[in-house]
Amino acid sequence: MTSFDLDLAISAFVLFGRDHSLQCNWMQRDMNEHEEIAKALKARVSELRTHLVKVDRELHKPLPADSEDQAIELENQEALEVIKKTETTEIHQIEAALKRISEGTYGVCAKCGEPIDPRRLKALPTAPTCISCSA
């Protein structure tokens, strides 16, 4: 091996080694960021499940004997049913996002495969698609 070949090999090693190091740093930062997102999403699921227990308890309470009170309680139950449906949907969306994080596909559009803008993920951490595909 000539000194030129050795210099070329060293240069290639330094160049590709540096790129690999930068890529590893980027991937590590990305994983740390996703771990933080997962932690926040898990906390939100816990809050939602705790609240859903309370909502279910209210929905299964016996109605009062008084007809006026019953009418009010039925209206309250309708509102609670909407809350229950909304929170259940949010739980499903969070669980899907957590699955994407664990599979390594979080932040990649489920439709087109392009990266999802980080600003979109910051605003809507459960977003499965980029803004273009969500329209």
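The values are calculated or read from the model by the stated rules, or taken from the named source; none is laboratory data. Here the structure is a predicted model, which means the values were calculated and not measured. Note: ideal-geometry Cβ built from the backbone for every residue, glycine included; neighbour counts use all protein chains shown.
Being among the small types (Gly, Ala, Ser) and either over 12 Å from the mean Cα position of the chain (by Cα) or not assigned by TED's automatic domain parsing to the domain that holds ARG44 (or both) is true for just one of ALA96, ALA135. Which residue is that?
Matching residue, one of ALA96, ALA135: ALA135.
Would you point out which residue out of GLU114, GLU58, GLU73, GLU81 is outside the structural domain of LYS39 (by TED's automatic domain parsing), surrounded by 12 or more Cβ atoms within 10 Å (Cβ to Cβ), without any contact (Cβ under 8 Å) to a residue 60 or more places away in the chain and more than 23 Å from LYS39 (Cβ to Cβ)?
The conditions single out GLU114.
To keep it simple, each residue is scored yes or no on (1) at pLDDT 95 or above; (2) surrounded by 12 or more Cβ atoms within 10 Å (Cβ to Cβ).
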| position | (1), (2) |
| --- | --- |
| GLY17 | no, no |
| ASN32 | no, no |
| GLU68 | no, no |
| ILE91 | yes, yes |
| ILE94 | yes, yes |
| THR105 | no, yes |
| ALA135 | no, no |
